[in-house]
């Protein structure tokens with residue numbers, strides 16, 4: 001695929017993933033017994049195919065963005081973040097499509113998922129090209145899609161995993177990865193994901209300047225790990241209160257939005273009592289509305 005035009009690469013990646021979706025529920029996939037570091041477990045063929053599709057979405061997006069003529073050369077080490085949303089959407093779609101009943105609805109779901117995947121990859125590609133107002137629009141769309149994908153992933157986890165330790169760990173991991181994407185899409189915060197020993201001389205420093213984010217080098221990882229742990233604990237608590245997968249997911253997304261907003265302002269050095277109060281107030285109001293609707 002190295003010599004294919006970029007629009008052909010996009011079509012090839014999306015088409016392969018769509019075919020994989022159809023094959024995952026249209027064909028019988030045998031299970032395999034796997035031994036890894038002394039541990040034995042059974043890996044279904046469908047699960048293996050799902051992992052391949054997620055990897056294809058991530059690496060396909062990463063490959064296209066690295067060949068973008070406007071990609072900053074010194075930002076190459078951070079480009080893996082741009083494959084997070086396409087990979088997460090692929091994982092959510094692969095899980096949710098299996099929950100559908102009729103083949104007609106599944107084909108419609110594959111079509112919708114493929115269209116959203118293509119739109120996400122295009123947006124991740126052109127976010128380097130647009131400047132000014134249009135870049136803000138694309139970034140807003142990507143952030144909006146991040147919360148939509150988070151909702152779908154939380155629903156998928158709730159439907160496919162029992163409400164126990166496995167689901168809690170899955171929610172924590174997904175929240176940490178999405179948190180890294182939501183914080184890392186701000187170029188001013190890229191330095192927060194650099195190694196602390198770089199002393200502010202990493203590749204993102206020249207882009208972000210020597211503002212508050214530069215002084216927080218390496219602490220972005222602590223924030224996303226803490227975010228994942230908090231969302232995992234919140235998931236466990238909500239499992240005791242609500243049985244609706246949709247309501248459960250929306251409540252988690254509200255917490256994700258509030259925590260990401262507060263973390264972003266803190267890392268940028270703009271967090272005040274008023275800003276924190278506004279985020280907390282919005283979160284409480286939305287949660288109350290969701291709970292009242294559930295009743």
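Some observations on this one:
- Per-peptide packing, taken as the mean over residues of other Cβ atoms within 10 Å, places 142-155, 82-95 in the sequence 82-95, 142-155 from highest down.
- Calculated FRET efficiency for the pair residue 278/residue 173, C-beta based, R₀ 25 Å, to 0.05: 0.30
- Gained length - residue 165 relative to residue 289, 0.36 nm times residue gap less alpha-carbon distance: 41.8 nm
- Calculated FRET value between residue 44 and residue 8, using beta carbons and R₀ = 22 Å, to 0.05: 0.10
- Measuring r between the beta carbons of residue 126 and residue 52 and using R0 = 22 Å, the FRET efficiency lands at 0.25.
- Fully extended contour minus Cα-Cα distance, from residue 246 to residue 140, at 0.36 nm per residue: 35.8 nm
Coordinate-derived values only; no laboratory data. Given the structure is predicted, the values throughout are model-derived calculations rather than measurements. Every residue, glycine as well, gets a Cβ built from its backbone with ideal geometry; the counts of neighbours run over all protein chains shown.
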